[in-house]
Amino acid sequence: MFGRFNFVKKEKTDYKPTIRPPYYNQEQDFELCLDCEDKPCIVSCEENIIYLKDHKPSLEFQSGGCTYCDDCAVACPSGVLDIKYKKYIKASFKIDTIKCMSWQGTMCFSCKDPCGEGAIVFDGLFKPIIDDSLCTSCGFCVKPCPTVAIEIFENKKENIC
Ligand code: SF4
Ligand code: SF4
Ligand code: SF4
């Protein structure tokens, strides 16, 4: 009984959403990445946020955020990532009010300052929320959060930068 519970819990904890770099046309194009041996997009990213998921580039935000610098698109030799497809990262960010220190009554603004868009808005001193209309999905708020309270979801945001 407990063994099964632990297994299910571990699966959920290990889940990482598939968040692509912000320069692709269609998901199928990432099949070309399987033949790209050097994966120069990964090396090109100074924020070190591109990793391989199923041999294809995906983003995680534990070491930094996306500056929309174009470097991964320039480095891609296969046309999978290309500046002409530049758009906001298809992801949305949400604060888990159970994990968030502020929502639980301890003052914390660690996510607010790194957000260059002013998208993290506090209702009073203790209730931060992310304003999706301002958020550019850069992910810079994720790393500073001491309780890993910022959740990331795949979504269909298509706005052009
Ligand atoms: S645009 Fe720049 S910061 Fe963003 S994933 Fe590509 S190389 Fe990294
Ligand atoms: S992901 Fe959104 S809320 Fe977080 S720092 Fe970037 S713009 Fe701000
Ligand atoms: S950094 Fe994390 S714990 Fe602090 S207010 Fe933001 S979401 Fe809450």
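Quick notes on this structure:
- Projected label points at Lys99 and Ile42, each 7 Å from Cα along the beta carbon direction, are separated by 2.4 nanometres.
- Pairwise alpha-carbon distances in segment 1-153 exceed 20 Å for 54% of all pairs.
- GNM result for the chain, Cα springs below 10 Å: residue of Phe140, Phe93, Phe109 fluctuating most strongly: Phe109
- Label point distance in nm, Cys69-Thr18, each placed 7 Å from Cα along Cα→Cβ: 2.7 nm
- Helix 2-14 axis versus longest C-alpha principal axis of the chain: approximately 60°, rounded to the nearest ten.
- Rounded, prolate or oblate (a/c below 1.5 giving rounded, otherwise prolate when a/b exceeds b/c) for segment 32-77 by Cα gyration tensor: oblate
- Springs join every pair of Cα atoms under 10 Å in this Gaussian network model of the chain, and among Val142, Val80, Val121 the largest mean-square fluctuation is at Val121.
- Distance between the 7 Å Cα→Cβ label points at Glu27 and Lys86: 2.6 nm.
- Filter on Lys56/Lys112; Lys39/Lys86; Lys39/Lys87; Lys53/Lys86; Lys94/Lys127; Lys16/Lys84 - keep pairs with C-alpha separation over 23 Å: Lys56/Lys112; Lys16/Lys84
A short reminder: the numbers here are calculations on the coordinates, not readings from a lab. None of the values given here were measured: they were computed from a predicted structure. When we count neighbours, we look across all protein chains shown, and the Cβ atoms used for this are built from the backbone with ideal geometry, even at glycine.
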